1. Take residue 96 and tell me if it is in contact with a Lys or Arg (Cβ under 7 Å, 6 or more places away or on another chain), under 24 Å from residue 4 (Cβ atoms) and hydrophobic (A, V, I, L, M, F, W, C).
2. State all residues of the stretch 65-79 that are surrounded by fewer than 14 Cβ atoms within 10 Å (Cβ to Cβ) and either touching a Lys or Arg at 6+ places or on another chain (Cβ under 8 Å) or aliphatic (A, V, I, L, M) (or both); if no residue qualifies, say none.
3. Looking at residue 32, is it in contact with a Cys (Cβ under 7 Å, 6 or more places away or on another chain) and either without any contact (Cβ under 8 Å) to a residue 40 or more places away in the chain or assigned to a strand (DSSP E or B) (or both)?
4. Here is a list of conditions, (1) under 11 Å from the mean Cα position of the chain (by Cα); (2) among the aliphatic types (A, V, I, L, M); (3) not in a strand (DSSP E or B), and residue 8 meets all of them except one; can you say which number that is?
5. Is it the case that the stretch 68-78 has a residue that's assigned to a strand (DSSP E or B), in contact (Cβ under 8 Å) with a residue 12 or more places away in the chain and touching a His at 6+ places or on another chain (Cβ under 8 Å)?
6. Could you figure out which of (1) part of a strand (DSSP E or B); (2) exposed (fewer than 11 other Cβ atoms within 10 Å of the Cβ); (3) at pLDDT below 95; (4) of a type outside the set (Asp, Glu) isn't true of residue 62?
7. Any idea how many residues of the stretch 80-91 are in contact with a Lys or Arg (Cβ under 6 Å, 6 or more places away or on another chain) and among the polar types (S, T, N, Q)?
8. Looking at (1) over 21 Å from residue 26 (Cβ atoms); (2) surrounded by 10 or more Cβ atoms within 10 Å (Cβ to Cβ), which is the one condition that is false for residue 88?
Amino acid sequence: MNERNTIVASGTIDTLSAVRLTPAGLTVLNFTIKHQSTQQEAGRERKVQAELRCILIGEKPAKLERIKMSKQIKVRGFMAAQSAKALHRLVLHITAYELIN
C-alpha cells in the first residue's frame, strides 16, 4: 500500500536552507530541485520542467554537509501537504537520495 505515494525524481539542487533541528532533536533540511527531462505522452515527446520542494528529516549532520547548491541529485520519497492549512502545497519528503556529481 505504501507504493501508492512513491516519487522518484532527479534534478539540480536549486535552493538550500540551513540545517535546523526539530524540538525532538531531528535534523531538517529544506531544498528545491529543478528537474528537466523529455517524456513520452500520448505518443509524442514532451519537455518537462518542474521545481520540487523537498524536505529531508533525520539525516546525520555529516551527510547533510555533502548536499550543496548546483549538485545533481536523485531522490525517492513521498508527497505530503506542507501543512493542514496548505493542502494544495505539496512537499516531497525524501526517504532516500543519491548525489550524482
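The values are calculated or read from the model by the stated rules, or taken from the named source; none is laboratory data. Bear in mind the structure is a predicted one, so any value in this text is a computation, not a measurement. Cβ: placed from backbone, ideal geometry, glycine included. Neighbour counts: every protein chain shown.
1. Details: in contact with a Lys or Arg (Cβ under 7 Å, 6 or more places away or on another chain): yes; under 24 Å from residue 4 (Cβ atoms): yes; hydrophobic (A, V, I, L, M, F, W, C): yes.
Taking the combined requirement at face value, the residue satisfies it.
2. Listed by number, the residues that qualify are 69, 79.
3. Details: in contact with a Cys (Cβ under 7 Å, 6 or more places away or on another chain): yes; either without any contact (Cβ under 8 Å) to a residue 40 or more places away in the chain or assigned to a strand (DSSP E or B) (or both): yes.
For residue 32, the condition - in contact with a Cys (Cβ under 7 Å, 6 or more places away or on another chain) and either without any contact (Cβ under 8 Å) to a residue 40 or more places away in the chain or assigned to a strand (DSSP E or B) (or both) - is met.
4. (3)
5. Filtering the stretch 68-78 down to residues assigned to a strand (DSSP E or B) leaves 72-78.
So of that shortlist, the ones also in contact (Cβ under 8 Å) with a residue 12 or more places away in the chain come out as 72-78.
Add one more test, that the residue is touching a His at 6+ places or on another chain (Cβ under 8 Å), and what stays is 77-78.
Checked the stretch 68-78: at least one residue is assigned to a strand (DSSP E or B), in contact (Cβ under 8 Å) with a residue 12 or more places away in the chain and touching a His at 6+ places or on another chain (Cβ under 8 Å).
6. Here residue 62 meets the rest and fails (1).
7. First, pick out the residues of the stretch 80-91 that are in contact with a Lys or Arg (Cβ under 6 Å, 6 or more places away or on another chain): 82, 91.
Right, trim to among the polar types (S, T, N, Q) and you get 82.
Summing the residues that are in contact with a Lys or Arg (Cβ under 6 Å, 6 or more places away or on another chain) and among the polar types (S, T, N, Q) in the stretch 80-91 gives 1.
8. Unmet for residue 88, out of (1) over 21 Å from residue 26 (Cβ atoms); (2) surrounded by 10 or more Cβ atoms within 10 Å (Cβ to Cβ): (2).
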